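Take a look at the structure set out below.
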Amino acid sequence: MNGPNLRAVAAIYKFELHRFRRTWLTGLLVPVITTSLYFIVFGGAIGSRMTQIDGIPYAAFIVPGLIMMSMFTESIFNASFGIYMPKFTGTIYELLSAPVSAMETVIAYVGAAATKALIVGFIIFATAHLFVDLPVAHPFAMVGFMLLIAVSFCLFGFILGIWAQGFEQLQVIPLLIITPMTFLGGAFYSIHMLAEPWRTITLFNPIVYLISGFRWTFFGKGDVGIEFSLLFVGGMLAVCLGIIAWVFRTGYRLKK
């Protein structure tokens, strides 16, 4: 029995990272500038009026939300664009006919996209320290949560890239669904600040559980229990893996 084709996985992984290296200056500067602007606007203007939330300085409180918001966007964009381009150029047929399994293909593309998202996440984390004293109650849990989020949303982006039939469709879900859900998911406020029935309605927003879980790794507290956050992330991973397995089994929008 042949073992995993590690050379193929490494080749795809390096190719995708090379695309990131060609634009590394822009890719690194944009999150730094964006994070700085958020701190100036939200940390300065709003933070001067709302100094603390649940005993946490407001400028520190928004950091987990900023990191998650950027990682959501980066993960989806990198993974969807990475698999969409072979479809667009027609090289997907060479990939499908090569001795590379579906699992190896997913590991390579999702691994490269997750690597980029993690780099951006840690850059924002480092930038935040320039503006605020930022404690991390559970550092290993923080890194693990970032990895889980990156992989989960890269798998989601991979599905989006296969589903999309044009560049416009690549932008629809991130811009019209994920970004609004993030802003309404407690990135810049605690959902406990909302009055009913909006507090209960907000609990149906899945982003709430992701941001809350990540915030727990920093401050030891969140809007919902950490067990619910982990349960949601695990469920998202399982669903995405199931959909990708079905896509490769049926050839949905891969062979057309």
Query raised in the report: Right, Glu74: surrounded by 20 or more Cβ atoms within 10 Å (Cβ to Cβ) and either touching a strand residue (DSSP E or B) at 6+ places or on another chain (Cβ under 6 Å) or part of a helix (DSSP H, G or I) (or both) or not?
Result: yes
Query raised in the report: Within segment 7-61, restricting attention to residues that are exposed (fewer than 15 other Cβ atoms within 10 Å of the Cβ) and of a type in the set (Phe, Trp, Tyr), which residue is modelled with the lowest pLDDT?
Result: Trp24
**Report entry** Residue that is touching a Phe, Trp or Tyr at 6+ places or on another chain (Cβ under 6 Å) and surrounded by fewer than 16 Cβ atoms within 10 Å (Cβ to Cβ), where the choices are Ala102, Ala126
**Finding:** Ala102
Query raised in the report: Is segment 170-178 home to any residue that is modelled with pLDDT of 90 or more and within 19 Å of Phe232 (Cα to Cα)?
Result: no
Query raised in the report: Do we find a residue being in contact with a Pro (Cβ under 6 Å, 6 or more places away or on another chain), buried (at least 20 other Cβ atoms within 10 Å of the Cβ) and within 18 Å of Phe72 (Cβ to Cβ) anywhere in segment 215-225?
Result: yes
Requested in this report: Kindly provide the set of residues from segment 98-145 that are part of a loop (DSSP other than H, G, I, E, B) and among the basic types (Lys, Arg), ordered by number.
Outcome: none
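Being touching a Gly at 6+ places or on another chain (Cβ under 9 Å), among the aromatic types (Phe, Trp, Tyr), under 30 Å from His138 (Cα atoms) and part of a helix (DSSP H, G or I), is that true of even one residue in segment 77-84?
Residues of segment 77-84 touching a Gly at 6+ places or on another chain (Cβ under 9 Å): 77-84.
Still in the list and also among the aromatic types (Phe, Trp, Tyr): 77, 81, 84.
Remaining after also requiring under 30 Å from His138 (Cα atoms): 77.
Still in the list and also part of a helix (DSSP H, G or I): 77.
The answer is yes; a qualifying residue exists.
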Query raised in the report: Among the residues of segment 46-71 satisfying the criterion of being of a type in the set (Gly, Ala, Ser) and assigned to a helix (DSSP H, G or I), which is nearest to Ala141 (Cα to Cα)?
Result: Gly65
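The values are calculated or read from the model by the stated rules, or taken from the named source; none is laboratory data. The shown structure was predicted, so the numbers you read here are calculated from the model rather than taken from an experiment. Heads up, the Cβs are rebuilt from the backbone with ideal geometry, glycines too, and the neighbour counts pull from every protein chain shown.
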